[in-house]
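Derivation of every value follows stated rules applied to the coordinates shown; laboratory data play no part. All values derive from a computational prediction rather than experimental measurement. Heads up, the Cβs are rebuilt from the backbone with ideal geometry, glycines too, and the neighbour counts pull from every protein chain shown.
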Amino acid sequence: MATAFAPTKLTATLPLHGSQENRLLPPIRLAPHSSFLGSTRSLTLPSSRRLNHAHASRRSPPVVAVQEVVKEKKSTNSLLITKEEGLVLYEDMILGRSFEDMCAQMYYRGKMFGFVHLYNGQEAVSTGFIKLLTKSDSVVSTYRDHVHALSKGVSARAVMSELFGKVTGCCRGQGGSMHMFSKEHNMLGGFAFIGEGIPVATGAAFSSKYRREVLKQNCEDVTVAFFGDGTCNNGQFYECLNMAALYKLPIIFVVENNLWAIGMSHLRATSDPEIWKKGPAFGMPGVHVDGMDVLKVREVAKEAVTRARRGEGPTLVECETYRFRGHSLADPDELRDAAEKAKYAARDPIVALKKYLIENKLAKEAELKSIEKKIDELVEEAVEFADASPQPGRSQLLENVFADPKGFGIGPDGRYRCEDPKFTEGTAQV
Amino acid sequence: MAALLGRSCRRFGFLSSGHGARSVSTETGKSLNLYSAINQALHIALDSDPRSYVFGEDVGFGGVFRCTTGLAERFGKNRVFNTPLCEQGIVGFGIGLAAMGNRAIVEIQFADYIYPAFDQIVNEAAKFRYRSGNQFNCGGLTIRAPYGAVGHGGHYHSQSPEAFFCHVPGIKVVIPRSPREAKGLLLSSIRDPNPVVFFEPKWLYRQAVEEVPEHDYMIPLSEAEVIREGNDITLVGWGAQLTIMEQACLDAEKEGISCELIDLKTLLPWDKETVEASVKKTGRLLISHEAPITGGFGAEISATILERCFLKLEAPVSRVCGLDTPFPLVFEPFYMPTKNKILDAIKSTVNY
């Protein structure tokens, strides 16, 4: 099956600066013939005996799952997507990219503040997974959550207003960049703290399994938890892998391995950098996929989501991806090798999808341009909306600490405590 | 929006340690900001003890606040190294190192992230000497974390968790207010034979600039300092909040109220005698901190002073602190104990 995306061979040319000086720690050893990154793997879970053996050959033929899916589609030219799907994917990725670029502009103009982490370069992962989900499926994210929220369906206006701290934002301006929640779209939040979202996602997955199996409701909801490579060294991650496999939860753990945790290279922080291997250790399939290629991600995601919906349990998917900008807008991004950045910039997922659509005659240049224009206008409009929105009233500060506002936020005279003229005293009466 | 960005009341005149009557404050040195002073202290600490180590997230390239610049280059990656992202593991690992007689200087990237390590600090570090009958101890452990509001930090980059740690017998909690103090206090903390949690006011990392002597000097722990003498009311605080309190004192002075300002420096164990002597002189006490008021460390100070100075008090002890909400994002200016809030409280206490 010829696609525009041949697995790329990214081997040990990744910079391992520290290997000489780091005498205390052993040098990183990659398997000699491995293309560590860029291959898709089979999701069909082998018998438990074979669980512990890593697949020897990395250059395995196209994944069985993909072929089955393609057969389902019965398209004569064996393409991975239809035109409609392609345009949806393209639009979503363009939305993610334009939005993030606009965020950077707004930040430098002082319209938004705080710690903002942009998702440029990783759009394929968000689009690849989230566009397969329904509205009632849940998504749990990290602090790099703007695009996850957008892909899930939260409107650009709501996200932009939240970033500006306005009351029309999705969390009424209280969360900011790192805390995008949406009850309507089941976006269970961005989490500033790494790994904190994973147990939350695990609990949400348990809830859907319970509803389906015990309450016998027609619930096929899955949960997708996104997190980074640094998180995979955190205890919470392992605790949740164990619980999810033990209870066979409908959850997909998606590792957005962009190789860097602020300034720490994944290869220098992890004893075994191949995160997908940690899945089988806990009794779930571990899959590695090229996260710069939205179609590959989508194929793997399709299989993982279907598995979860069928009640077969969790999957760990490691997406090799890269962030084009620094860790946050305050990060000068000096530590990453220019050659590494250039290599990944050449694999820009949007450019690649565009090329695929045009080469396979799924869309014309003009159609794609019109999508880009539409998105530009959408994002501009979101900025205008956010600008025009009011800031939250002072009384909102004391709301939502507890369930019962009278227990805290409203004084004995029935008014919010902060409307009390003695508010500025800030003495022990609050 | 400008009001949210401009914590302008903190931009000028932070509280230098030149106010105190200490010998080190009369020495001159190089003009340094807080992170440079801490950096110098770390250089000296690693230099003076070959079995001391600095580790944490991103310390290798200098840390997100540049406090560890130059350490890896000078002392090597065997002594100054990055850890993976696991606070619980990092602190536990530090406890182990300290138990074997080394000095482990752990950096937690933000105090907000210290909670996974809370178990290790409370259950292991604090009790190590006690439960081993003094066979082992982790006195060589020092945990450094930037704490406090920074203007745009939001929920998870602005917290002040000192109160949680002040409830743990077995550890010490130290908070400096300026570069000169920070260097001396950090060196004392590192060399103290007890585990120390050292909170650095992140707001002051670049804002505070002061003359810091270049040699090795230590400032004793558990000694509070009277930064400003007065007769009408005693104000007690620590860290970056002292800057705000100093401004409130200046404003109060214009209205004829003479304020005595004390920097607690070490919160656990804290210098009760100095505060008691001051309150016995003035008869009034006001405590201010950024952390939420309920259960904050101000409550402990208030209760202790009440026990000791009940008959000398002319007014109830006043606490001007953060509100009882999670640290807000856009509401930070309303949440913080600002100069005006402190001034109002000073006046109402004096006029009680």
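Odds and ends about this structure:
- Fraction of beta bridges assigned by DSSP in region A:79-392 that are antiparallel (%, nearest 5): 10
- Virtual spin-label span in nm between residue A:242 and residue B:119, 7 Å along Cα→Cβ: 1.0
- Straight-line cross-link partners of residue B:30 among the lysines, defined as a Cα under 26 Å from its Cα and at least 8 positions apart when in the same chain: B:183, B:202, B:265.
- Placing unit charges on the Cβ atoms only, positive for Lys and Arg and negative for Asp and Glu, gives region B:225-350 a dipole magnitude near 200 debye about its Cα centre.
- Options A:136, A:125, A:113, ranked by Cα towards positive dipole end of region A:75-142, top entry (Cβ charges): A:113
- Taking Lys and Arg as +1 and Asp and Glu as -1, the other residues whose beta-carbon sits under 12 Å from that of residue B:118 total -4.
- Entries in A:302/A:369; A:131/A:369; A:83/A:131; A:183/A:341; A:111/A:369; A:248/A:278 that, when Cα-Cα distance is taken, lie over 26 Å: A:302/A:369; A:183/A:341; A:111/A:369
- Two-site label geometry, residue A:413 and residue B:314: point separation in nm, points 7 Å out along Cα→Cβ: 2.9
- Length released on extending from residue B:272 to residue B:30, taking residue separation times 0.36 nm less the Cα-Cα span: 83.8 nm
- Difference of contour (0.36 nm per residue) and Cα-Cα distance, residue A:330 to residue A:387: 18.3 nm
- With R₀ fixed at 56 Å, the C-beta to C-beta distance from residue B:281 to residue A:88 puts the FRET efficiency at about 0.15.
- Ranked by how many other beta carbons lie within 10 Å on average, peptides A:386-397, B:73-84, B:240-251 from highest: B:240-251, B:73-84, A:386-397
- When B:309, A:171 are sorted by how many other C-beta atoms sit within 10 angstrom of their C-beta, beginning with the fewest, the order is A:171, B:309.
- Dipole moment magnitude, nearest 20 debye, region B:11-212 about Cα centre, only Lys, Arg, Asp, Glu C-beta charged: 320
- On the basis of the beta-carbon distance and an R0 of 35 Å, residue B:167 and residue B:215 show a calculated FRET efficiency of 0.45.
- As a proxy for reagent exposure, ranking A:215, A:132, B:85, B:306 by other Cβ atoms within 10 Å from fewest up yields A:215, B:306, A:132, B:85.
- Local charge for residue B:93 was computed over the other residues whose Cβ lies under 12 Å away, with Lys and Arg +1 and Asp and Glu -1, and equals -2.
- For residue B:172, residues with placed amide H under 5 Å, excluding near neighbours: B:196, B:197
- Radius 11 Å from Cβ of residue B:192, net charge of other residues (Lys, Arg +1; Asp, Glu -1): +3
- Per-residue mean of C-beta atoms belonging to partner chains within 10 Å, peptide B:81-91: 6
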